[in-house]
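This report refers to the structure that appears directly beneath it.
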Amino acid sequence: MLRVLVCVSGGGTNLQAIIDRVADGSIGNTEIVRVISNNPGAYALERAKEAGIEGICVSPKNYENRQAFHKAFLEAVDAAKPDLIVLAGFLVVIPEEMIAKYRGRIINIHPSLIPSFCGTGYYGLKVHEKALERGVKVTGATVHYVDEGTDTGPIILQKAVSVEEGDTPEILQRRVMEQAEWVILPKAIDMIAREKMK
Ligand code: GAR
């Protein structure tokens, strides 16, 4: 079994897609062992609870400095003994120590076709605002391995999505989620689980 840890900050629709695809068998040989949120109010924690998955919050607000937060976060990660760490809308910069320790075992979903609309400051709705501002006709999502940079690691999967006349950032975000993110993130996990089985 591939032991998967999912890190979240918000609504958790990508987490839900993973939960659903594990439940229906489209992601094989995989167990979601823990969900970690930096945000105590994240609806993703409700989704974890609903699915019977342990969900915990490690909030920077509860630590006196960044170093103490990173230490607590890494302890919560290590305790889950993960084979794979999935950043599913996780808005915390991953400490370098953790990247080194789990190199090649951390993946992230980003809501654009990297290298467009990515890097520092490009997250969530902002990505879609920028895509609409630039007037692109095609956008999409990317699953990639996490390295020390922001959205710079090796690409695993990408899927393109059309921009339509009259799109708002919210409408485009929803289409990118439905047509790309919720498809390619579970698919990438399944690919990694299959690779482990070999
Ligand atoms: C998703 O669109 C994800 O791609 C994005 O945050 C959203 C989280 O939604 N991630 C980033 O922008 C990372 N740079 P969710 O909580 O409903 O899965």
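What the table below lists for this structure:
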quantity	calculated
Cβ-placed point charges (K, R +1; D, E -1), dipole of the chain about Cα centre in debye, nearest 20	360
Estimated distance in nm for a label pair at GLU64 and LYS196, the labels positioned 7 Å out from Cα along Cα-to-Cβ	3.8
Leading residue at positive end of dipole, the stretch 102-198 (Cβ point charges), from MET191, VAL136, PRO154	MET191
q = 0.15 Å⁻¹, the chain: log10 I(q)/I(0) [Debye, one scatterer per Cα]	-0.90
Solvent exposure, largest accessible area first (probe 1.4 Å, DNA, RNA and ligands not counted), of TYR145, TYR43	TYR43, TYR145
Full-stretch length increase - GLU165, MET1 - with 0.36 nm per residue and alpha-carbon distance subtracted	54.6 nm
Proportion of all alpha-carbon pairs of the stretch 78-126 beyond 16 Å (%)	47
Residues with amide H under 5 Å from that of CYS57, placed H, sequence gap 5 or more	SER37
Long-range amide H partners of ILE106 with built H, under 5 Å	ILE85, VAL146
Partner lysines for LYS198 [C-alpha distance under 28 Å; skip if fewer than 8 residues away on the same chain]	LYS81, LYS101, LYS159, LYS187
Whole-Hz couplings from phi, Karplus 6.51/-1.76/1.60, listed for the stretch 94-106; x for Gly and Pro	6, x, 4, 4, 6, 4, 5, 5, 10, 4, x, 10, 10
Reduced Cα scattering model of the stretch 43-141, Debye log10 I(q)/I(0), q = 0.13, 0.17, 0.24 Å⁻¹	-0.61, -0.95, -1.30
The stretch 96-173 - accessible surface per residue (Å², probe 1.4 Å)	52
ASP147 - accessible surface, heavy atoms, 1.4 Å probe, Å² rounded to 10	40
For the stretch 29-75, projected area of the alpha-carbon convex hull averaged over all directions, nm²	3.7
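The values are calculated or read from the model by the stated rules, or taken from the named source; none is laboratory data. Keep in mind that what you see is a predicted model, and the values were worked out from it rather than measured. Quick reminder, even Gly has a Cβ in these numbers, built from the backbone with ideal geometry, and neighbours come from all protein chains shown. Quick note on the areas: whole protein, heavy atoms, side chains included, nothing else; ligands and nucleic acids left out. Shrake-Rupley method; radii C 1.70, N 1.55, O 1.52, S 1.80 Å.
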